[in-house]
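For reference, the structure is listed below as structure tokens.
The values are calculated or read from the model by the stated rules, or taken from the named source; none is laboratory data. No experiment lies behind these values; they were computed from the predicted model shown. Positions of Cβ are generated from backbone atoms using ideal geometry, with glycine treated the same way; all protein chains shown enter the neighbour counts. Calculation scope for accessible area: heavy atoms of the full protein, side chains included, ligands and nucleic acids excluded. Shrake-Rupley method; radii C 1.70, N 1.55, O 1.52, S 1.80 Å.
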Amino acid sequence: MMQERSSLIVFMDMQLRLLNSIENADELIESCSILAACSKLVQVPSVLTEQVPEKLGSTDQQIVSQLDNPQKIIKDTFSAFGSSGFCDFLTQSTTKRIILAGIETPICIFLTALDALKAGFSVTLLSDCISCRVPKDGERCLSQLVQSGVEVIPLESFIFRELQSSAHPNFREISNLIKNRALNI
């Protein structure tokens, strides 16, 4: 029997123009693509945010291609909560936990996480699915977010927590995605 999901994965601003300034962009795209593929297999809904896409471009196609008809939310604010489209989407959902992936950790991820906490949501950051131009700044902000009550865990911990056991019908497919990732690192 399928339980109702109360989590939402938010892929933040994984746009080409922004990704060009991220040192580990290839690894980040791979991790986010695996997250996108797994999100379907464990039935956790997801949305994409795009920061001023007319200037910064669209979300990386490798991520988009893993999602079925993804909901895109356009924003010009750094926190997704500054977007009425994002807030309206949350109001119409059963979301209690927001899982954040994307860029940039000390800006959009940080501000969105803080606003999510203020709005009463639980927040999880996937440590290998977020990045930034200045790693030292990202580390400082992650530390502050942890002190504020944000959960920070790696992608695999999140996915296997969602699976709950190897008896899950999609365990083998997800396990293969993870194994292939390990081979590429």
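Of the residues making up the range 141-185, those that are of a type in the set (A, V, I, L, M, F, W, C), assigned to a helix (DSSP H, G or I) and over 18 Å from I34 (Cβ atoms) number 4.
Contact map, the range 74-85: first residue farther than 17 Å from L114 by Cα and among the β-branched types (V, I, T), second residue open to solvent by less than 40 Å² (accessible area, probe 1.4 Å) and outside any loop (DSSP other than H, G, I, E, B), Cβ cut-off under 7 Å, separation 6 or more or different chains; pairs are I74/E50; I74/P53; I74/G85.
Applying the condition of being in a helix (DSSP H, G or I), open to solvent by less than 40 Å² (accessible area, probe 1.4 Å) and of a type outside the set (V, I, T) to the range 51-80 and asking which residue is nearest to E156 (Cα to Cα) yields A80.
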